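The structure appears below as structure tokens.
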Amino acid sequence: MKKVPLLLLLGIISVSCSETEKKEPVQQSQQSSSLNADNLTSNKSLVNTSESPYVKLQALGIDEVKLNSGFWAERLETCTETMIPEMWGIYSDPERSGALRNFEVAAGVKEGKHKGAPFHDGDFYKMVEAASMAYAVTKDEKFTRMIDEVIPLFKASQREDGYIHTPVMIDLKNHPEKAQEFRERLDFETYNMGHLMTAACAHYKATGKTDLLDLAKNAADYLYNFCQKFPEKLAGNAICPSHYMGVVEMYRTTKDPRYLELSKQLIDIRSMLENGTDHNQDRIPFRDQTKAEGHAVRATYLYAGVADVYAETGDKTLKDALDKIWDNMTSTKLYITGGAGALYDGVSPNGTTYKQNDIQQVHQAFGREYELPNAGAHNETCANIGSALWNWRMFQTTAEAKYANLMETTLYNSVLSGVNLDGKGFFYTNPLSNTKGLPFNLRWPNVRQDYISKSNCCPPNTIRTIAEIGSYLYSKNADGIWFNMYSSSDVHTKLGEEEIQLTQTTNYPWDGDVNISITAAPSDEKQLNFRVPDWCNNASVYVNGQKVQTNATSSSYLTVSQKWKKGDQIKFVMDMPVQLIEANPMVEETRNQVVVKRGPLVYCLEANDLKKGQNLADIIIPSNIALSPEKMKISNSEIVSLVGTANTTQNNWKNDLYKPLNSKSNTAQIRLIPYYAWANREEADMAVWLPLGR
């Protein structure tokens, strides 16, 4: 059969359909967009807080930061050259994925039934967002061509009232009697539409085109109208509520006040539910919540969306709840890698009630306080990304370094661990240890896969996050520039009406030296604010070779304020020692164990780097161990490992459960690698937490 271009199949161009698979051309939806070009924002920040009244900072535009070399530039190149094309190809292959085919069937271009998870639409929208950002940073037209091919499919799959969800739209064609919106809360309609909105806003900012934004506006209008008629029904279908972030960003992009109204309603209507659950964070009203509980992706997406609403409304009751939840998560429930969500299965409340009817199952969820297993750690990559999204929004509203610290820890460790160094394999979960000889199977394999058939939500989420990394490096306000994460890059932005241009050069995270060269400066005094991470106890700054006297403290921003000029050279230096970190003894799984950290990176020991016959479980870290940085390559990616001398015992456990202590020990040379780089070689045992020898 002759291949017919997609636009012809959809009837966008009038031709004979005699050679297509369907004799009748698809009937196009007749949505009428009310987008007013004069109202659309000109700001190109990914999360646009330029007019948000309750923030202290705003991000730079997606066209104002260019990564030019170093760590994140390499990850970004792998993303644009490998991750996006590979995953887009898989999503376009109907033998492997239903992502594209579902839209083809819903649009009437192909015959068939829905394939895959009900949230597959949202996963595809994430790829559109990633491709949009890839175009923004590369200007490679292949990305816009990819997107332009699928937008007509999205349009033909959308109902006249704006509703869009391929499982229902396919049922409308095949089984009209079953076609009903919001029939089941786990159908993920609002999740899918939320990701359509964020993708559309990113696409508009990257390309200037409004065709996808038109469809997102139709979907937002549908949710607004549905909420006015059936608020409780909508509240019960807020599963992984990306639409909270989505409708706020639609408000910022289109300036339609209904979307801000809707965002506030979405939080308020949660209290209407009579069958709410801790699993979905709706057993009690949001404003009454004080702990991070339930499904970790649903939780972090919710918290990020609520933070967006606070940025626009200043509702202190929302901020108070977010503060309490953040404190609970970071002080009792967060992994050292930034991973969020300890349990695959659990119950809530756990051990706090004798009333069996009050106990509910939770899944892929936060556990109780200090419940942080290692081998069975869930730490879904999507939850870790949700945490980064939440902390980014909290940082913009407060300008407090603690949020940027956690965002950086999460991105470097529990997000990057979700993808191979070559960009072709992905994790769903991110455990902190791996033992090949376990006598049982874990729910998720500790081998990355190119396509996770059970649930492929994490790979496209990881891909779009890496594609957007430049948006998190800097912030600004009227007073100056804020350096949040360090990476070699060029900046060209405005402070007020005047331009500032600078170039950053650094080998971070492998060392702590950051060099800034000013190439254009405003006429009046401005600040440069450098984040001093929580792991850094000694930081200093030099301007044109002269040390500046500052009161630098860890987990804060060091400010240098003066009238800058072209040619000024600033050097910011952070001491980056190797540190041994221990956990609160309430964490039973890690008592008398330590983690090795250097800078923002958590390190692990992988058995690939031990001599033949050595057992990872026999390695003991002396409290005075000297570890030295040493370059090496894994999967053609240059990293900095840490080498030193550890103690080791020899135990042959066989089938023993207990045995007398072997007090004899020897020494062994060990090499630790960054946690994000594990599982890129032959599968082997791995551990982040290692026994401590005093």
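All but one of (1) open to solvent by less than 30 Å² (accessible area, probe 1.4 Å); (2) out of contact with any Gly (no Cβ under 8 Å at 6 or more places or on another chain) hold for N218; which doesn't?
It is condition (2) that N218 fails.
When you scan the range 447-454, do you find a residue that is over 30 Å from M394 (Cα atoms), touching a residue at least 24 places away in the same chain (Cβ under 8 Å) and open to solvent by less than 10 Å² (accessible area, probe 1.4 Å), even just one?
There is at least one residue in the range 447-454 that is over 30 Å from M394 (Cα atoms), touching a residue at least 24 places away in the same chain (Cβ under 8 Å) and open to solvent by less than 10 Å² (accessible area, probe 1.4 Å).
Return the pair list, or none, for Cβ contacts closer than 9 Å from residues in the range 578-589 that are among the small types (G, A, S) to residues that are open to solvent by 50 Å² or more (accessible area, probe 1.4 Å) and not in a loop (DSSP other than H, G, I, E, B), at least 6 apart or on different chains.
From the range 578-589, the pairs are A583/E589.
Of N477, N441, which residue is more than 21 Å from A342 (Cβ to Cβ) and of a type in the set (S, T, N, Q)? Give the derivation first.
Working: N441 fails: more than 21 Å from A342 (Cβ to Cβ).
That would be N477, the only listed residue that is more than 21 Å from A342 (Cβ to Cβ) and of a type in the set (S, T, N, Q).
Step by step: first the residues of the range 221-236, then only those that are under 17 Å from N192 (Cα atoms) and either charged (D, E, K, R) or within 26 Å of the chain's Cα centre (by Cα) (or both), then the one that is surrounded by the most Cβ atoms within 10 Å (Cβ to Cβ). Which residue is that?
For the range 221-236, the residue satisfying everything is L223.
Residue by residue through the range 407-437, note down the ones that are under 15 Å from the mean Cα position of the chain (by Cα), open to solvent by 10 Å² or more (accessible area, probe 1.4 Å) and farther than 17 Å from L334 by Cβ.
Result: Y428, single match.
Checking N357 against (1) open to solvent by 10 Å² or more (accessible area, probe 1.4 Å); (2) more than 30 Å from A311 (Cα to Cα); (3) modelled with pLDDT of 95 or more: exactly one of these is not met. Which one?
(3)
Checking S97 against (1) touching a Ser or Thr at 6+ places or on another chain (Cβ under 9 Å); (2) free of Cβ contacts under 8 Å to residues at least 60 places away in the same chain; (3) among the polar types (S, T, N, Q), only one condition comes out false. Which one?
(2)
If P460 satisfies every condition in (1) modelled with pLDDT of 95 or more; (2) open to solvent by 60 Å² or more (accessible area, probe 1.4 Å) but one, which is the exception?
Going through the list (1) modelled with pLDDT of 95 or more; (2) open to solvent by 60 Å² or more (accessible area, probe 1.4 Å), P460 breaks only (2).
Count, please, the residues in the range 505-516 that happen to be in a strand (DSSP E or B) and either among the basic types (K, R) or open to solvent by less than 30 Å² (accessible area, probe 1.4 Å) (or both). Talk me through it step by step, then tell me what you get.
Looking only at the range 505-516, we keep the residues that are in a strand (DSSP E or B), and these are 505-506, 513-516.
Remaining after also requiring either among the basic types (K, R) or open to solvent by less than 30 Å² (accessible area, probe 1.4 Å) (or both): 506, 514, 516.
Qualifying residue count for the region: 3.
Quick check on my filter: what residues within the range 475-504 are more than 17 Å from G70 (Cα to Cα), at pLDDT 95 or above and not in a strand (DSSP E or B)?
In the first step, residues of the range 475-504 are kept if they are more than 17 Å from G70 (Cα to Cα); the result is 475-482, 492-501.
Now narrow it down to the ones that are at pLDDT 95 or above: 475-482, 492-495, 498-501.
Once the filter is applied, which keeps residues that are more than 17 Å from G70 (Cα to Cα), at pLDDT 95 or above and not in a strand (DSSP E or B), the range 475-504 yields A478, D479.
Report whether or not H243 is under 25 Å from N36 (Cα atoms), part of a helix (DSSP H, G or I) and in contact with a Phe, Trp or Tyr (Cβ under 8 Å, 6 or more places away or on another chain). Walk me through how you get there before you give the answer.
Numbers: under 25 Å from N36 (Cα atoms): yes; part of a helix (DSSP H, G or I): yes; in contact with a Phe, Trp or Tyr (Cβ under 8 Å, 6 or more places away or on another chain): yes.
It is true that H243 is under 25 Å from N36 (Cα atoms), part of a helix (DSSP H, G or I) and in contact with a Phe, Trp or Tyr (Cβ under 8 Å, 6 or more places away or on another chain).
I need a count of the residues in the range 556-577 that are open to solvent by less than 50 Å² (accessible area, probe 1.4 Å) and in contact (Cβ under 8 Å) with a residue 60 or more places away in the chain.
Initially, the range 556-577 is screened for residues open to solvent by less than 50 Å² (accessible area, probe 1.4 Å), giving 556-558, 560, 564, 567-568, 570, 572-574, 576.
Narrowing the set further to residues that are in contact (Cβ under 8 Å) with a residue 60 or more places away in the chain leaves 556-557, 564, 572-574, 576.
Selection size over the range 556-577: 7.
I need the full set of residues from the range 582-595 which are surrounded by 13 or more Cβ atoms within 10 Å (Cβ to Cβ) and either charged (D, E, K, R) or under 30 Å from L528 (Cβ atoms) (or both), in order please.
Scanning the range 582-595 gives E582, E589, R591.
Check S523, S555, S540 and return the single one that is hydroxyl-bearing (S, T, Y) and under 20 Å from V491 (Cα atoms). Give the steps one after another, and end with the answer.
Working: S555 fails: under 20 Å from V491 (Cα atoms); S540 fails: under 20 Å from V491 (Cα atoms).
From the options S523, S555, S540, the qualifying one is S523.
Can you tell which of A404, A399, A478 is among the small types (G, A, S) and surrounded by 22 or more Cβ atoms within 10 Å (Cβ to Cβ)? Steps first, please.
Values: A399 fails: surrounded by 22 or more Cβ atoms within 10 Å (Cβ to Cβ); A478 fails: surrounded by 22 or more Cβ atoms within 10 Å (Cβ to Cβ).
Exactly one residue qualifies, and that residue is A404.
Condition check: in contact with a strand residue (DSSP E or B) (Cβ under 7 Å, 6 or more places away or on another chain) and either of a type outside the set (D, E) or touching a residue at least 60 places away in the same chain (Cβ under 8 Å) (or both). Does D256 satisfy that? Quick ask: steps written out before the conclusion?
Numbers: in contact with a strand residue (DSSP E or B) (Cβ under 7 Å, 6 or more places away or on another chain): no; either of a type outside the set (D, E) or touching a residue at least 60 places away in the same chain (Cβ under 8 Å) (or both): yes.
No.
If you take the residues in the range 293-328 that are surrounded by 21 or more Cβ atoms within 10 Å (Cβ to Cβ) and without any contact (Cβ under 8 Å) to a residue 40 or more places away in the chain, which one is farthest from the chain's Cα centre (by Cα)?
Among those that are surrounded by 21 or more Cβ atoms within 10 Å (Cβ to Cβ) and without any contact (Cβ under 8 Å) to a residue 40 or more places away in the chain, it is A321.
Only one of (1) within 25 Å of D358 (Cβ to Cβ); (2) open to solvent by 10 Å² or more (accessible area, probe 1.4 Å) fails for L334. Which number is that?
(1)
How many residues does the range 525-555 contain that are buried (at least 19 other Cβ atoms within 10 Å of the Cβ), under 18 Å from R598 (Cα atoms) and among the small types (G, A, S)?
Adding up the residues that qualify gives 1.
Can you report the number of residues in the range 633-679 which are open to solvent by 30 Å² or more (accessible area, probe 1.4 Å) and within 23 Å of D422 (Cβ to Cβ)?
Number satisfying all stated conditions: 5.
Inspect all residues belonging to the range 372-384 and state whether any of them is farther than 27 Å from P585 by Cα and open to solvent by less than 10 Å² (accessible area, probe 1.4 Å).
Step one: list which residues in the range 372-384 are farther than 27 Å from P585 by Cα, which gives 382.
Next, only the ones that are open to solvent by less than 10 Å² (accessible area, probe 1.4 Å) stay: 382.
Checked against the condition, which is being farther than 27 Å from P585 by Cα and open to solvent by less than 10 Å² (accessible area, probe 1.4 Å), the range 372-384 yields at least one hit.
For residues in the range 97-126 being among the hydrophobic types (A, V, I, L, M, F, W, C) and part of a loop (DSSP other than H, G, I, E, B), which is farthest from the chain's Cα centre (by Cα)?
Residues of the range 97-126 among the hydrophobic types (A, V, I, L, M, F, W, C): 99-100, 103, 105-107, 109, 117, 119, 124.
Keeping just the survivors that are part of a loop (DSSP other than H, G, I, E, B) gives 109, 117, 119.
Working: V109: 33, A117: 20, F119: 17 Å.
Top of the filtered list is V109.
Can you tell me which residue in the range 68-96 is surrounded by the most Cβ atoms within 10 Å (Cβ to Cβ), limited to those that are in contact with a Lys or Arg (Cβ under 9 Å, 6 or more places away or on another chain) and not in a helix (DSSP H, G or I)?
Looking at residues that are in contact with a Lys or Arg (Cβ under 9 Å, 6 or more places away or on another chain) and not in a helix (DSSP H, G or I), I get S92.
The values are calculated or read from the model by the stated rules, or taken from the named source; none is laboratory data. The structure displayed is predicted, hence computed values, not measured ones. Ideal geometry is used to build each Cβ from the backbone, glycine not excepted, and the neighbour counts take in all protein chains shown. Please note that ligands, DNA and RNA were not included when accessible areas were found on the heavy atoms of the full protein model with its side chains. Shrake-Rupley method; radii C 1.70, N 1.55, O 1.52, S 1.80 Å.
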